[in-house]
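> Below is the structure I would like to discuss, written out as structure tokens.
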Amino acid sequence: MTLDRFRPVFAGPISRLAKIFADTGITPNQVTLASLLFSAAAGLCYALGETNNFLIGAALIFVVLNSLFDALDGSMARYLHTSSKAGDFLDHVVDRYADVFIVGGLIFGEYAGWGIGLFTMVGILLTSYLGTQAQALSIGRFYGGIMGRADRLVLVIVASLLHIIYPYAIFGYTLLGWSLILMGIASHVTALQRIHFIRTRLG
């Protein structure tokens, strides 16, 4: 993931915010489920809002909240000393549903063709599967490659903001449409990188 290098920059603020949430009695699992609701709301807004900047703006806010809450739950669990395999499993399941909701919203919103949408969705789900398959093969989790989940979310956030500023087509697609195309290509490249990594480690 290209954004992994910036993780230490956000670790401090996320940790402080996690402590505030935890001290109110909110549980990490509740934050995880809230992130799922934000992703569903984002997907709905994208699906309905191709020509409506208000809905695109709402989708942008929901994606940001999904990203924030996805980062908070793990930090809260560590602070509360409640980290568990069950919580980790829930987090991964919710992340996959969130991917489907957000990208599905872009597909249903017809920012790009359905073929492109399917190509992108397959790439994203395959990439995510390979990240955990490495762990299943006792290699350890591997989330390397040019585009991980954080990269995808940042791309969608930036594309949404630019779409609001310039909602017109460029060579047949709006900027959100181009983000879907870029996401698809980069996800499949990432999948190939992860396949190569796993195959190399297996000997």
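> Which members of the stretch 146-201 meet the condition of being crowded, with 17+ Cβ neighbours inside 10 Å, assigned to a loop (DSSP other than H, G, I, E, B) and either hydrophobic (A, V, I, L, M, F, W, C) or touching a strand residue (DSSP E or B) at 6+ places or on another chain (Cβ under 6 Å) (or both)?
M147
> Still on this structure, I have one more. Six or more apart or on different chains, Cβ under 8 Å: which pairs go from a residue in the stretch 179-202 that's closer than 17 Å to G117 by Cα to one that's among the acidic types (D, E)? Could you list them?
Close Cβ pairs (under 8 Å, with a partner that is among the acidic types (D, E)) amount to A186/D151.
> Which residue pairs have Cβ atoms closer than 8 Å, lie 6 or more positions apart in sequence or on different chains, and pair a first residue in the stretch 126-139 that is closer than 15 Å to L202 by Cα with a second residue that is small (G, A, S) and at pLDDT 85 or above?
What qualifies is L130/A191; G131/G148.
> Pull up the stretch 6-19, narrow it to residues that are free of Cβ contacts under 8 Å to residues at least 24 places away in the same chain and open to solvent by 60 Å² or more (accessible area, probe 1.4 Å), then point me to the one that is nearest to Y97 (Cα to Cα).
R7
> Among the residues of the stretch 124-145, is there at least one that is in a loop (DSSP other than H, G, I, E, B) and either buried (at least 20 other Cβ atoms within 10 Å of the Cβ) or at pLDDT 95 or above (or both)? Explain how you work it out, then say what you get.
Here is the first cut: in the stretch 124-145, the residues in a loop (DSSP other than H, G, I, E, B) are 137-145.
Checking which are either buried (at least 20 other Cβ atoms within 10 Å of the Cβ) or at pLDDT 95 or above (or both) leaves us with 145.
Yes.
> Sort out which residues of the stretch 20-66 are within 12 Å of V94 (Cα to Cα) and open to solvent by 30 Å² or more (accessible area, probe 1.4 Å), and write them in order of number.
Step one: of the stretch 20-66, the residues within 12 Å of V94 (Cα to Cα) are 29-40, 66.
Within the stretch 20-66, N29, Q30, L33, L36, L37, F38, A40 meet the criteria.
> Turning to a different aspect of this structure: Look through the stretch 33-66, keep the residues that are of a type in the set (S, T, N, Q) and at pLDDT 95 or above, and return whichever of them is farthest from Y173 (Cα to Cα).
Narrowing the stretch 33-66 to residues of a type in the set (S, T, N, Q): 35, 39, 51-53, 66.
When the remaining residues are screened for being at pLDDT 95 or above, the result is 35, 39, 66.
Values: S35: 29, S39: 23, N66: 26 Å.
In this case the residue turns out to be S35.
> While we're on this one: Taking the stretch 170-190 on its own, how many of its residues are within 20 Å of G131 (Cβ to Cβ) and touching a Phe, Trp or Tyr at 6+ places or on another chain (Cβ under 6 Å)?
Residues of the stretch 170-190 within 20 Å of G131 (Cβ to Cβ): 182-190.
Subsequent filtering for residues that are touching a Phe, Trp or Tyr at 6+ places or on another chain (Cβ under 6 Å) retains 184.
Going through the stretch 170-190 one residue at a time, the tally reaches 1.
> Checking the condition within 30 Å of A136 (Cβ to Cβ) and touching a Leu at 6+ places or on another chain (Cβ under 9 Å), which residue from A34, A77, A59 passes?
Working: A77 fails: touching a Leu at 6+ places or on another chain (Cβ under 9 Å); A59 fails: within 30 Å of A136 (Cβ to Cβ).
The unique qualifying residue is A34.
> If you don't mind, there's one more thing I want to ask. I'd like to verify a number: residues in the stretch 67-84 that are surrounded by fewer than 17 Cβ atoms within 10 Å (Cβ to Cβ), touching a Pro at 6+ places or on another chain (Cβ under 8 Å) and assigned to a helix (DSSP H, G or I), how many?
Of the residues in the stretch 67-84, 1 are surrounded by fewer than 17 Cβ atoms within 10 Å (Cβ to Cβ), touching a Pro at 6+ places or on another chain (Cβ under 8 Å) and assigned to a helix (DSSP H, G or I).
The values are calculated or read from the model by the stated rules, or taken from the named source; none is laboratory data. Predicted, not measured: the structure shown is a model, and the values here were computed from it. Cβ: placed from backbone, ideal geometry, glycine included. Neighbour counts: every protein chain shown. To get the accessible areas, we keep the full protein, side chains included, count just its heavy atoms, and leave off ligands, DNA and RNA. Shrake-Rupley method; radii C 1.70, N 1.55, O 1.52, S 1.80 Å.
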